[in-house]
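Novice: Questions regarding the structure given below will be posed in turn.
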Amino acid sequence: MAQSKAQLIYFGDPMCSWCYGFSPEMSEALDSLAEDVDFQIVTGGLRPYNTETMADLGDFLQQHWEDVNKRSGQPFSYEILKDKTFVYDTEPACRAVVLMRVLKPESEFEFFKEVQTQFYQKNKNTNLTETYAELATAFGLNKTEFAKKFESDEFKEKVKEDFTYAQNIGVQSYPTLVLKNGDDLYLIAQGYVEAETIIEKCEKILLQKK
């Protein structure tokens, strides 16, 4: 009986700025490790159900976004920080990713990254169903069906499973990357790291386990 692949578990949130900065590194690492690991996203929930607005968080977020830009080179538009009424709730973005996981699992990570682009580069309102339903059409999904499922109680509950899993495993910051090999868990990254580091750490563990 063939041994099952190790799992590379990415705990992140599409509206986490460091996760956005980290996306190119994660993509590069996956290109290298794809044959050796199965990739799983867990939307940990950075600020789910948060009620603070940009009036409360704008200055704080701008400093973080500028730091991410300097470190990663990822482009940002800062206009949304001026919208003092925009509520910075990360639950809808996480819910949309979980829905994509169910409807088209092979596109989950690409969708995750595209939600990041919509928010950080295009400053789309991530609290609107329309934002995700429109995006879903680019992935070959029906806009109306996606919107209906997105607004359903089923998926409002389903995203909580991700939040709970992240809490139970002890993840407290994003991005966090864990390699699950058999019954063993290995912390690969906590915060922004380069692809080379991810690849080296994973390969070292996988070689030891062969």
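The values are calculated or read from the model by the stated rules, or taken from the named source; none is laboratory data. Note that the structure is predicted; figures quoted are calculated from it, not measured. Every residue, glycine among them, receives a Cβ derived from its backbone with ideal geometry; neighbour counts consider all protein chains shown.
Novice: If GLY44 satisfies every condition in (1) modelled with pLDDT of 95 or more; (2) closer than 30 Å to LEU179 by Cα; (3) surrounded by 14 or more Cβ atoms within 10 Å (Cβ to Cβ) but one, which is the exception?
Specialist: (1)
Novice: If THR117 satisfies every condition in (1) under 21 Å from SER27 (Cβ atoms); (2) of a type in the set (S, T, N, Q); (3) in contact (Cβ under 8 Å) with a residue 12 or more places away in the chain but one, which is the exception?
Specialist: In the conditions (1) under 21 Å from SER27 (Cβ atoms); (2) of a type in the set (S, T, N, Q); (3) in contact (Cβ under 8 Å) with a residue 12 or more places away in the chain, THR117 misses (3) alone.
Novice: Would you point out which residue out of THR126, THR117, THR90 is within 27 Å of PHE155 (Cα to Cα) and touching a Gly at 6+ places or on another chain (Cβ under 7 Å)?
Specialist: The conditions single out THR90.
Novice: Based on what the data block shows, is ALA189 under 16 Å from LEU103 (Cα atoms) and in contact with a helix residue (DSSP H, G or I) (Cβ under 8 Å, 6 or more places away or on another chain)?
Specialist: no
Novice: Right, something else. Looking at the stretch 17-24, is at least one residue within 18 Å of the chain's Cα centre (by Cα), surrounded by 19 or more Cβ atoms within 10 Å (Cβ to Cβ) and polar (S, T, N, Q)?
Specialist: yes
Novice: Taking the conditions exactly as written (small (Gly, Ala, Ser), surrounded by fewer than 22 Cβ atoms within 10 Å (Cβ to Cβ) and under 16 Å from the mean Cα position of the chain (by Cα)), does SER27 satisfy them or not?
Specialist: Criteria met by SER27.
Novice: Answer yes if at least one residue in the stretch 51-74 is assigned to a loop (DSSP other than H, G, I, E, B), more than 24 Å from GLU161 (Cα to Cα) and in contact with a Ser or Thr (Cβ under 9 Å, 6 or more places away or on another chain), and no otherwise.
Specialist: Yes; the residues of the stretch 51-74 include at least one that is assigned to a loop (DSSP other than H, G, I, E, B), more than 24 Å from GLU161 (Cα to Cα) and in contact with a Ser or Thr (Cβ under 9 Å, 6 or more places away or on another chain).
Novice: Please return the ranges of helices (runs of 4 or more DSSP H) entirely within the stretch 97-203 where 3 or more residues are buried (at least 17 other Cβ atoms within 10 Å of the Cβ) and in contact with a Leu (Cβ under 8 Å, 6 or more places away or on another chain).
Specialist: Qualifying helices (runs of 4 or more DSSP H): 108-120, 143-150.
Novice: Turning to a different aspect of this structure: In the set ALA55, ALA34, which member is at pLDDT 95 or above, aliphatic (A, V, I, L, M) and either closer than 23 Å to ALA195 by Cα or surrounded by fewer than 16 Cβ atoms within 10 Å (Cβ to Cβ) (or both)?
Specialist: Going through ALA55, ALA34 in turn, just one is at pLDDT 95 or above, aliphatic (A, V, I, L, M) and either closer than 23 Å to ALA195 by Cα or surrounded by fewer than 16 Cβ atoms within 10 Å (Cβ to Cβ) (or both): ALA55.
Condition check ((1) out of contact with any strand residue (DSSP E or B) (no Cβ under 8 Å at 6 or more places or on another chain); (2) small (Gly, Ala, Ser)) across all residues:
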| position | (1), (2) |
| --- | --- |
| LYS5 | no, no |
| TYR10 | no, no |
| SER17 | yes, yes |
| PHE22 | no, no |
| PHE39 | no, no |
| PRO48 | yes, no |
| MET54 | yes, no |
| ARG71 | yes, no |
| GLU79 | yes, no |
